[in-house]
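Just below is one structure, and these are the notes that go with it.
The values are calculated or read from the model by the stated rules, or taken from the named source; none is laboratory data. Worth saying up front: this structure is predicted, and the values here are computed from it rather than measured. Cβ coordinates were reconstructed from backbone atoms using ideal geometry, including for glycine residues, and neighbour counts include every protein chain displayed.
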Amino acid sequence: MKRYFFVLLLTAFALMAKADPVSDLLHRVLPDGNDAQRFEWTLDKSASAPYFTLNCDGVTVHVKGADYISVTTGINWYLQHYAGIDISWNAPTGKLPSRLPVVKNERHKSSVDYRYYLNFCTHSYSMAYWDWERWQQEIDWMALHGINLPLAITGMESVWCRVLENYGYDSLDKVNEFVCGSAFYGWFFMNNLTGWGGPQPDSWYIQRTQLARQIFQRMKEFGMQPVVPGYVGMVPKNFLTYADADKVSSWEPSDIVNGGMWCSFERPYFVNNTARLQEFAAAYYDAFDELFGDVCTTRFYAIDPFHEGGVPKGVTDAKASVQAMYDALLTYNPQAIWVCQHWQHNPTTTLTHTVPAGRLLILDLHGDNNGDIRCSGNHTAADGTPHDWVWGQVSNFGGNVGLFGRMDRLISCFYQARDNRADNRLVGIGALPEGIENNAMLYDLLYSLPWTNENYTRQTWLADYVQMRYGVKSGNKAYKKLLSAWKRLAAGPYNSPNDHQQGTTESVFLMRPSLEAGSVSSWANSSWYWDMSELRTALYEMLSVSSVLKNNENYRYDLVDLMRQALADYGKLMLDSIHAVTGAERTRLSDRFLALILDQDTLLATRPEFRLGRWTEMARALGTNADEKNLYEKNARMLLTTWGERAQCENGGLHDYANREWSGLLSSFYYPRWKSFFAHECQAQDWFTNYEWPFVMGIEQVNAQYLPEGASYAYGTFRAEPAGDEIAVVKALCDKYFRDFFRNLFNTK
């Protein structure tokens with residue numbers, strides 16, 4: 001209790017005053033002048049369903065909504081559809097025009113009750129090192145996009161620390177044999193691994209407890225119901241050794257069984273005795289209440305006890321275990337809703353036939369990939385009654401960088417599911433990406449769908465999106481160019497026809513070197529399914545309006561991202577050419593390929609979102625001394641590269657799973673592999689020992705001779721600050737690589 005006492009004091013003042021979350025949000029996202037005061041809003045407390053209305057006389061915007069989230073959704077609808085302001089990850093603030101566009105009596109009602117957000121993996125691949133300022137920005141983004149059911153796992157490691165302390169663990173070292181390191185909580189809470197990446201210092205638990213309280217409090221103010229990790233049956237394998245003997249006197253050694261393996265990681269052990277399981281679950285929920293009960297208001301608990309691996313061999317009765325978890329949950333919160341993921345073979349009938357309809361919410365993670373118009377994951381209860389479900393899309397795996405989506409399916413499948421919701425019990429829509437801060441268009445589209453009065457098509461959405469994203473008026477020259485560019489992108493990389501592809505087509509620059517262009521990570525199944533000349537044409541069209549949009553942050557980000565994709569495509573074609581030749585010509589092309597990687601690095605250095613230093617600086621900022629900073633940076637580097645040690649990297653298939661086409665990684669991690677590959681006559685090497693693990697540890701070792709001049713390597717050397725002007729760098733690279741293509745294109749127009 002002593003560890004967290006002062007943390008509670010730090011957040012006490014936030015609980016004393018009644019918050020005005022909408023006005024506070026307006027001041028954060030519209031900070032200029034009196035822009036925030038140009039909105040007036042009211043709550044309709046008599047409303048029985050989420051809706052908002054809009055009116056604007058040219059001076060003031062009036063928004064009325066059923067609840068705070070309906071109001072903030074209405075504010076965002078006006079900002080996007082009328083003011084041409086897209087509050088996004090790369091542009092978190094905006095400025096209103098002096099004369100506000102007039103709106104008369106516009107009303108929108110959500111077709112589903114729940115707008116869900118996040119995946120366990122997102123909290124690691126993108127959010128692992130966020131501070132309160134970044135979290136506050138994200139919660140504002142959630143509120144503006146109508147999200148009322150976000151997954152919240154920050155600080156839950158402190159719950160585990162408290163549980164084990166309450167059972168008599170007498171040192172943090174013993175706790176840390178179970179609790180994992182800073183970058184890996186997504187999989188710890190999904191019962192996939194234990195202990196890896198630590199040990200965590202006491203300061204980490206203090207920081208994360210305080211941060212979690214701030215997150216829960218803000219979500220509570222907006223009326224969001226966070227989905228928090230419920231108890232999944234896991235326990236440390238040494239629990240009976242480290243716990244106070246008096247507190248576990250009723251436990252037998254057979255009450256705890258081996259949880260098996262996941263990608264060569266040892267899973268937590270599992271409580272096999274149902275009475276002991278309920279006892280431990282009660283202790284878990286008590287610990288949660290101790291730390292967060294006063295700031296977290298929710299009915300929703302994420303519980304996936306047998307995720308990606310099935311039932312451990314030693315479990316006597318999986319159905320009885322699920323029943324015990326459900327009974328413990330209802331004892332803690334009689335109104336609780338069990339939330340599970342439909343992913344691979346989950347959920348099984350062991351779960352869906354145990355938890356009754358109305359008490360289970362199934363998150364259909366991959367609705368766009370599977371073309372789902374009804375839940376395809378054991379949808380019914382034991383009596384055949386459909387369970388409630390959320391139509392969702394993953395869209396991103398591992399936080400990989402690249403243009404990707406299944407836009408047509410996103411639109412058509414949700415609308416079909418919505419129209420049949422009376423029969424299939426659809427209750428929500430959601431984005432469940434493994435990584436965020438890319439492909440923002442998909443999220444704007446997805447969270448608009450429940451509120452539309454007329455169904456979007458690809459064409460009508462793009463016509464709206466270009467105006468909202470860049471603030472350009474329909475019909476002018478810049479609008480026409482941008483719309484043409486987006487039509488090409490929507491018909492290409494944003495409409496993947498490959499059902500076996502997990503997320504973006506990965507850049508060949510990030511591959512473990514080979515002359516065969518293919519996937520970077522083990523399960524991606526990358527394919528180049530779009531017309532590369534169409535993508536270059538889209539780049540030409542977007543670049544042609546740079547003089548008009550040079551001050552628009554969304555434009556500058558999108559231009560760099562599109563140029564990045566064009567260079568990645570060019571790299572694939574160049575690798576094919578290298579494969580087809582030998583001798584001096586192969587050497588010449590190999591040198592050009594290496595130069596192309598460094599040019600990509602230079603391009604991406606112009607935006608902080610594409611810099612490794614942004615990620616590592618966030619990690620280091622959480623450390624209170626040099627050892628802690630280095631530990632967090634080690635975790636941050638490892639997650640993106642080897643994921644684990646050799647066993648997990650190689651046998652577990654996790655190498656490069658979270659690959660990122662980022663400045664710093666290209667020059668210091670991917671480039672040395674390629675340079676050594678060409679220097680050794682295109683022969684594979686022990687990449688893990690000689691190149692990958694040294695990077696994780698920040699030690700140059702054998703690959704120093706292959707680093708480009710000035711490349712960073714040691715801990716603390718990567719920087720977040722961007723370098724160079726985006727538009728100037730794009731123009732220079734277009735002239736270097738696509739001059740003839742652009743000239744021919746210009747001559748045909």
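Kindly indicate whether Met618 is out of contact with any strand residue (DSSP E or B) (no Cβ under 9 Å at 6 or more places or on another chain), surrounded by fewer than 23 Cβ atoms within 10 Å (Cβ to Cβ) and without any contact (Cβ under 8 Å) to a residue 24 or more places away in the chain. Walk me through how you get there before you give the answer.
Working: out of contact with any strand residue (DSSP E or B) (no Cβ under 9 Å at 6 or more places or on another chain): yes; surrounded by fewer than 23 Cβ atoms within 10 Å (Cβ to Cβ): yes; without any contact (Cβ under 8 Å) to a residue 24 or more places away in the chain: no.
No; evaluated as a whole, the condition is false for this residue.
List the pairs whose first member sits in the stretch 469-484 and is farther than 18 Å from Gln459 by Cβ, whose second member is acidic (Asp, Glu) and surrounded by 15 or more Cβ atoms within 10 Å (Cβ to Cβ), and whose Cβ atoms are under 9 Å apart, counting only residues at least 6 apart or on separate chains?
Note: pairs meeting the criteria are Gly471/Asp86.
Tell me which residues, restricted to the stretch 643-657, are at negative phi and surrounded by fewer than 24 Cβ atoms within 10 Å (Cβ to Cβ).
Going through the stretch 643-657, the residues at negative phi turn out to be 644-652, 654-655, 657.
Answer for the stretch 643-657, where residues must be at negative phi and surrounded by fewer than 24 Cβ atoms within 10 Å (Cβ to Cβ): Gly644, Glu645, Arg646, Ala647, Gln648, Glu650, Asn651, Gly652, Leu654, His655.
Could you tell me which residue of the stretch 711-745 is nearest to Pro672 (Cα to Cα), considering only residues that are more than 28 Å from the chain's Cα centre (by Cα) and small (Gly, Ala, Ser)? Show your work before the answer.
Kept after step one, since they are more than 28 Å from the chain's Cα centre (by Cα), are these residues of the stretch 711-745: 711, 728-729, 731-745.
Now narrow it down to the ones that are small (Gly, Ala, Ser): 711, 728, 732.
Numbers: Ala711: 10, Ala728: 27, Ala732: 25 Å.
Across the stretch 711-745, the extreme among qualifying residues is Ala711.
Take the stretch 425-438 and flag every residue that is over 15 Å from Leu151 (Cβ atoms) and either touching a Lys or Arg at 6+ places or on another chain (Cβ under 7 Å) or surrounded by fewer than 22 Cβ atoms within 10 Å (Cβ to Cβ) (or both). Walk me through it before giving the result.
Let us first name the residues in the stretch 425-438 that are over 15 Å from Leu151 (Cβ atoms), namely 425-427, 437-438.
Correct list: Arg425, Leu426, Val427, Glu437.
Just checking, does the stretch 355-363 include any residue being surrounded by 21 or more Cβ atoms within 10 Å (Cβ to Cβ), over 30 Å from Gly503 (Cα atoms) and either modelled with pLDDT of 95 or more or outside the structural domain of Val257 (by TED's automatic domain parsing) (or both)?
Let us first name the residues in the stretch 355-363 that are surrounded by 21 or more Cβ atoms within 10 Å (Cβ to Cβ), namely 355, 360-363.
Among the residues that remain, those that are also over 30 Å from Gly503 (Cα atoms) are: 355.
Add one more test, that the residue is either modelled with pLDDT of 95 or more or outside the structural domain of Val257 (by TED's automatic domain parsing) (or both), and what stays is 355.
Scanning the stretch 355-363 turns up at least one residue that is surrounded by 21 or more Cβ atoms within 10 Å (Cβ to Cβ), over 30 Å from Gly503 (Cα atoms) and either modelled with pLDDT of 95 or more or outside the structural domain of Val257 (by TED's automatic domain parsing) (or both).
Could you please let me know if Thr298 is touching a residue at least 24 places away in the same chain (Cβ under 8 Å) and under 17 Å from Ala152 (Cβ atoms)? Spell out how you get there, then give the answer.
On the way: touching a residue at least 24 places away in the same chain (Cβ under 8 Å): yes; under 17 Å from Ala152 (Cβ atoms): yes.
Yes: the conditions hold for Thr298.
Regarding Asp627, is this residue assigned to a helix (DSSP H, G or I) and under 11 Å from Gly664 (Cα atoms)? Working first, answer last.
Working: assigned to a helix (DSSP H, G or I): yes; under 11 Å from Gly664 (Cα atoms): no.
Considered against the rule, which asks whether it is assigned to a helix (DSSP H, G or I) and under 11 Å from Gly664 (Cα atoms), Asp627 comes out as no.
For (1) assigned by TED's automatic domain parsing to the domain that holds Ser88; (2) in contact with a Pro (Cβ under 9 Å, 6 or more places away or on another chain); (3) modelled with pLDDT of 95 or more; (4) buried (at least 17 other Cβ atoms within 10 Å of the Cβ), each residue gets a yes or a no:
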residue	(1), (2), (3), (4)
Glu516	no, no, yes, no
Trp530	no, yes, yes, yes
Ser533	no, no, yes, no
Thr537	no, no, yes, yes
Tyr555	no, no, yes, yes
Gly571	no, no, yes, yes
Asp576	no, no, yes, no
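List the residue pairs whose Cβ atoms are under 8 Å apart, where the first residue sits in the stretch 574-597 and is farther than 24 Å from Ser668 by Cα, the second is assigned to a helix (DSSP H, G or I), and the two are 6 or more positions apart or on different chains.
As it stands, the answer is Ser577/Leu589; Val581/Leu589, since those pairs meet every condition given.
For the stretch 646-749, which helices (runs of 4 or more DSSP H) that fit wholly inside it have 3 or more residues that are within 23 Å of Phe184 (Cβ to Cβ)? Before the answer, list the steps.
On the way: elements: 671-679, 693-697, 726-737, 739-748.
In the stretch 646-749, the matching helices (runs of 4 or more DSSP H) lie at 693-697.
For the stretch 385-503, which helices (runs of 4 or more DSSP H) that fit wholly inside it have 2 or more residues that are under 16 Å from Tyr555 (Cα atoms) and either among the aliphatic types (A, V, I, L, M) or modelled with pLDDT under 95 (or both)? Let's see the steps before the verdict.
Values: elements: 407-419, 421-424, 440-448, 458-470, 477-491.
So the answer is 440-448, 458-470, 477-491.
Give the residues of the stretch 199-212 that are more than 17 Å from His123 (Cα to Cα) and touching a residue at least 60 places away in the same chain (Cβ under 8 Å), sorted by residue number.
Selection gives Pro201, Asp202, Ser203, Ile206.
Residue under question is Ala212, and the condition is that it be small (Gly, Ala, Ser) and more than 12 Å from Gly155 (Cα to Cα); does it hold? Step through it out loud before you land on a result.
Numbers: small (Gly, Ala, Ser): yes; more than 12 Å from Gly155 (Cα to Cα): no.
Against the criterion (small (Gly, Ala, Ser) and more than 12 Å from Gly155 (Cα to Cα)), Ala212 does not qualify.
Given (1) within 20 Å of Glu553 (Cα to Cα); (2) in a strand (DSSP E or B), where does His108 come up short, assuming only one miss?
(1)
Taking the options Phe288, Phe300, Phe292, Phe280, name whichever one is out of contact with any Pro (no Cβ under 6 Å at 6 or more places or on another chain) and farther than 21 Å from Cys161 by Cβ.
Values: Phe288 fails: farther than 21 Å from Cys161 by Cβ; Phe292 fails: farther than 21 Å from Cys161 by Cβ; Phe280 fails: farther than 21 Å from Cys161 by Cβ.
So the residue among Phe288, Phe300, Phe292, Phe280 that is out of contact with any Pro (no Cβ under 6 Å at 6 or more places or on another chain) and farther than 21 Å from Cys161 by Cβ is Phe300.
Of all residues in the stretch 336-356, how many are over 29 Å from the mean Cα position of the chain (by Cα) and of a type outside the set (Ser, Thr, Tyr)?
Within the stretch 336-356, residues that are over 29 Å from the mean Cα position of the chain (by Cα) and of a type outside the set (Ser, Thr, Tyr) number 2.
Of these, Arg607, Arg588, Arg512, which one is of a type outside the set (A, V, I, L, M), over 28 Å from Tyr470 (Cβ atoms) and out of contact with any His (no Cβ under 8 Å at 6 or more places or on another chain)? Write out each step before concluding.
Details: Arg607 fails: over 28 Å from Tyr470 (Cβ atoms); Arg512 fails: out of contact with any His (no Cβ under 8 Å at 6 or more places or on another chain).
Of Arg607, Arg588, Arg512, the one residue that is of a type outside the set (A, V, I, L, M), over 28 Å from Tyr470 (Cβ atoms) and out of contact with any His (no Cβ under 8 Å at 6 or more places or on another chain) is Arg588.
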